[in-house]
Amino acid sequence: MAKSSNSTQISHALSAWKAGKLVALPTETVYGLGAPVDNEELISKIFSVKERPFFDPLIVHISSIEMAKKYCSHWNDTLDILARAFWPGPLTLVVQKSSLISSLITSGLDTVGLRMPRSELTLKIIEQKAVGIAAPSANKFTKTSPTQASHVSSQFSQDDVYVVEDIPSEVGIESTIISVNESERIVTILRPGMITSADLTNVLGNEFQIEKGLTAFEKSPEKVEAPGQFKAHYRPDYPLSFLDCSSDKKDQLKHSYPDCEFISLSLDPFVTARELYTQMRTPLSTNDLGQAIYKRKCFLIDLSSRQLTDKESELWSSIINRLTKATTFTLEDS
Ligand code: AMP
Ligand code: MG
């Protein structure tokens with residue numbers, strides 16, 4: 001079916017919310033499953049449709065800094081500098097929430113994650129709705145995030161979700177999430193992404209210390225009922241692994257593990273991030289009769305033989321963060 005015009009999609013998105021549906025929104029990181037922050041029923045529907053536990057808080061997407069300030073009880077100069085430097089873009093700021101943000105969105109926390117996405121179309125939809133849009137990635141809980149409209153429509157019923165179609169996500173993995181302690185001059189990276197500590201230091205200067213932390217979800221493993229569920233994330237439907245090894249070794253690996261498909265990832269971290277989830281969503285190779293040739297897949301990343309700058313290492317760590325959570329076997333012990 002031909003894609004509707006942008007203005008038609010904007011009006012369909014606004015009507016879908018009125019009709020009690022969720023709206024899948026394109027962003028440069030991944031596609032989000034959105035509901036207006038002032039509609040508790042639809043916010044609950046995000047958790048039920050995604051099968052996401054209520055203790056995993058949602059990020060709120062805004063279309064202007066003015067809108068961000070409405071949802072934050074203490075906006076400060078550092079937040080302002082970061083927002084002006086990186087928005088619209090793949091940086092989520094965890095801030096003290098205002099009373100306009102319900103505890104359903106934040107899983108009872110007094111902080112909320114705010115982000116201005118880079119898609120023009122999504123920004124227009126938020127602007128016209130004139131309310132922040134809570135939107136986690138538009139995939140079932142623990143499964144691979146979507147970076148194209150078709151990834152979303154193949155996973156959810158049209159009765160539950162209206163999918164806004166735009167170009168594939170250009171960044172390809174989820175935003176960098178940070179919190180800021182302005183008085184102590186500390187920025188904590190809660191989830192790594194394609195905005196790195198070097199990028200943050202460039203904007204804030206060396207007086208800010210950049211630390212590593214955990215997301216709210218990672219901090220509450222005791223709330224996870226099923227053992228192992230805590231680490232499972234971004235998972236495709238087949239066994240997946242990755243190896244840091246030179247592409248020269250591919251033939252040898254194929255010989256040693258004939259049941260495993262080996263895919264070399266690009267040496268450019270930006271390209272690998274952009275293509276990662278599409279690669280993960282690509283089914284195992286099949287023969288002409290549609291029968292699976294392989295039982296499992298292994299991505300090869302060639303890092304060990306190269307000299308990486310600090311920034312490159314950090315970009316690759318963000319990618320490896322996703323791959324590690326998506327991995328279900330290691331070649332050595334299988
Ligand atoms: P998703 O939108 O599915 O990519 O996930 C958003 C991530 O942001 C989750 O893992 C949350 O735990 C994390 N997050 C959202 N709000 C907060 C917050 N207020 N404090 C810390 N982490 C948060
Ligand atoms: Mg997600």
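No value in this document is a laboratory result; all are computed from the given coordinates. Since this is a predicted model, take the numbers as computed values, not measurements. So basically every Cβ, Gly included, is an ideal-geometry build from the backbone, and we count neighbours across all protein chains shown.
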Estimated FRET transfer efficiency (Val203, Phe55; beta-carbon r; R0 30 Å; 0.05): 0.40
Helix 6-18 axis, angle to the chain major axis (alpha carbon atoms, nearest 10°): 70
Point-to-point label distance, Asp80-Asp160, nm (Cα→Cβ direction, 7 Å offset): 4.3
Contour excess over end-to-end distance, with Cα ends at Glu332 and Glu182 and 0.36 nm allotted per residue: 49.4 nm
Filter on Lys50/Lys219; Lys21/Lys129; Lys70/Lys140; Lys50/Lys97 - keep pairs with C-alpha separation over 19 Å: Lys50/Lys219; Lys70/Lys140; Lys50/Lys97
Chain lengthening between Asp251 and Tyr238 when straightened (0.36 nm per residue, less Cα-Cα): 2.5 nm
Exposure proxy order (Cβ contacts within 10 Å, fewest to most) of Ile101, Ile293: Ile293, Ile101
Dimensions (Å) - the chain, Cα atoms, principal axes, largest first: 59, 51, 40
Fewest-first sequence of Val203, Val49, Val152 by Cβ atoms within 10 Å of each Cβ: Val203, Val49, Val152
Protection proxy ranking, peptides 142-150, 3-11, 267-275, average beta carbon neighbours within 10 Å, highest first: 142-150, 267-275, 3-11
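Looking at the chain only, what percent of DSSP beta bridges run antiparallel? Nearest 5 please.
Roughly 45 percent of the beta bridges in the chain run antiparallel, per DSSP.
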